[in-house]
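Chemist: Structure in structure tokens, see below.
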Amino acid sequence: MARPRPEPMQVVKQRRDAALKAIVDGVPYIRFLNITFDRRGDELTGVLNFDDKLIGNPLLPALHGGVTAAFLEVTAVITLSWEHFFPRIESGEIDPEELFNADAVRFPKTVDFTVDYLRSGLPRDAYARAFVSRSGRRYASVRVEAWQDNHARPIAQATGHFLMPQPKVESE
Amino acid sequence: MVDKVEIARQFIEAIPHAKALGLKLTTIGDGEAEISMPYNADLVGDPRTGVIHGGAVFAALDTCCGAAVMSHPSAPGGTATIDLRINYMRAATPGQSIIAHATCYHITRNVAFVRATAMDEDQKLPVATAAGAFTVEGL
């Protein structure tokens, strides 16, 4: 009758933050761009921490369009991976510390990615949030947007298709 | 006469992010450009495979497309990306440079249309292809 007692908050937070950190810290390119993620429950916000090396037009100055695209793609892949792995991390099936050692853990692969540039990126931090429009067994479709000072004035938006990691076929 | 290729090279290679990626402009002129990006462990997307992240390939292709637009005889000067779509065909081979080649195949007063490919040493199948539209601006 009675539901099980919920886990203490620190336990839940520690596990989720460790899992996110393991996913993000494992990728050299994410460190190269200095992208971090804010987590509120299962919702992620990508943060592109500004640095001079991200500039594409020194005269304006403005963020490099390739950086904006990469930021959107990283946010899309991490959000998709997070939603994909979250239940297995929560159930204890995947140990977050072992994420990059485990052969069974694979990340979604980008099939295509289309970026609309809406405004030039100012030389300061940018934020991005991705929405998984559909996640099937083989393919996923993700929409993602990036903004700076004002969420209602996005600097870029993108959609992409991804090939989901396939479970290893058990050989008889 | 000043060497147009040399000016373009200095211009592209002075872009802070192009510098960070180690981009080198190899060819430019008449709406075509070629840029190489050397293999760099900092750009890896999955440490288990050593494959370069798609985002870095996107950045190289975007830079190359912009250079192709600026080199078109009808382009007055600057440009900015309106949209760019990339299809990823396969993982880039770890350890190999990526060569982006872009062609600005049509330009109007306001918009330039570009397509591009990214190759590694295997010339049979591109790593990625791209197609996009760019603005046409004075300098």
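Chemist: Could you list all residues from segment B:70-96 that are surrounded by fewer than 18 Cβ atoms within 10 Å (Cβ to Cβ) and among the hydroxyl-bearing types (S, T, Y)?
Modeler: B:S74, B:T93 - these are the residues of segment B:70-96 that are surrounded by fewer than 18 Cβ atoms within 10 Å (Cβ to Cβ) and among the hydroxyl-bearing types (S, T, Y).
Chemist: Tell me which residues, restricted to segment B:34-62, are more than 10 Å from chain A (Cβ to nearest Cβ), over 18 Å from A:A69 (Cβ atoms) and either of a type in the set (D, E, K, R) or surrounded by 24 or more Cβ atoms within 10 Å (Cβ to Cβ) (or both).
Modeler: B:E34 - this is the single residue of segment B:34-62 that is more than 10 Å from chain A (Cβ to nearest Cβ), over 18 Å from A:A69 (Cβ atoms) and either of a type in the set (D, E, K, R) or surrounded by 24 or more Cβ atoms within 10 Å (Cβ to Cβ) (or both).
Chemist: Then there's this: Scanning segment A:64-80 for residues that are among the aliphatic types (A, V, I, L, M) and more than 23 Å from A:R40 (Cβ to Cβ), which turns out nearest to the other protein chains (Cβ to nearest Cβ)?
Modeler: A:A70
Chemist: If you scan segment A:106-142, which residues turn out to be hydroxyl-bearing (S, T, Y) and part of a loop (DSSP other than H, G, I, E, B)?
Modeler: A:S120
Chemist: Among the residues of segment B:87-111, how many are of a type in the set (S, T, Y) and under 19 Å from B:P38 (Cβ atoms)?
Modeler: Summing the residues that are of a type in the set (S, T, Y) and under 19 Å from B:P38 (Cβ atoms) in segment B:87-111 gives 2.
Chemist: Could you please give the count of residues in segment A:12-68 that are modelled with pLDDT of 95 or more, assigned to a helix (DSSP H, G or I) and among the β-branched types (V, I, T)?
Modeler: Summing the residues that are modelled with pLDDT of 95 or more, assigned to a helix (DSSP H, G or I) and among the β-branched types (V, I, T) in segment A:12-68 gives 3.
Chemist: Which pairs do you get when a residue that is touching a residue at least 12 places away in the same chain (Cβ under 8 Å), found in segment A:67-90, comes within reach of a residue that is among the basic types (K, R) and not in a helix (DSSP H, G or I), reach meaning Cβ atoms under 9 angstrom, with the pair 6+ apart or on two chains?
Modeler: From segment A:67-90, the pairs are A:T75/A:R129; A:A76/A:R143; A:V77/A:K109; A:T79/A:R129; A:W82/A:R39.
Chemist: Can you pull out the residues in segment B:97-110 that are in contact (Cβ under 8 Å) with a residue 12 or more places away in the chain and away from chain A (no Cβ under 14 Å)?
Modeler: If the condition is that a residue be in contact (Cβ under 8 Å) with a residue 12 or more places away in the chain and away from chain A (no Cβ under 14 Å), then B:S97, B:I99, B:H101, B:T103, B:C104, B:Y105, B:I107, B:T108, B:R109, B:N110 are the ones that fit.
The values are calculated or read from the model by the stated rules, or taken from the named source; none is laboratory data. What you are looking at is a predicted structure, and each value in this text was computed from that prediction instead of being measured. Neighbour counts run over all protein chains shown; Cβ positions are idealised from the backbone, glycine included.
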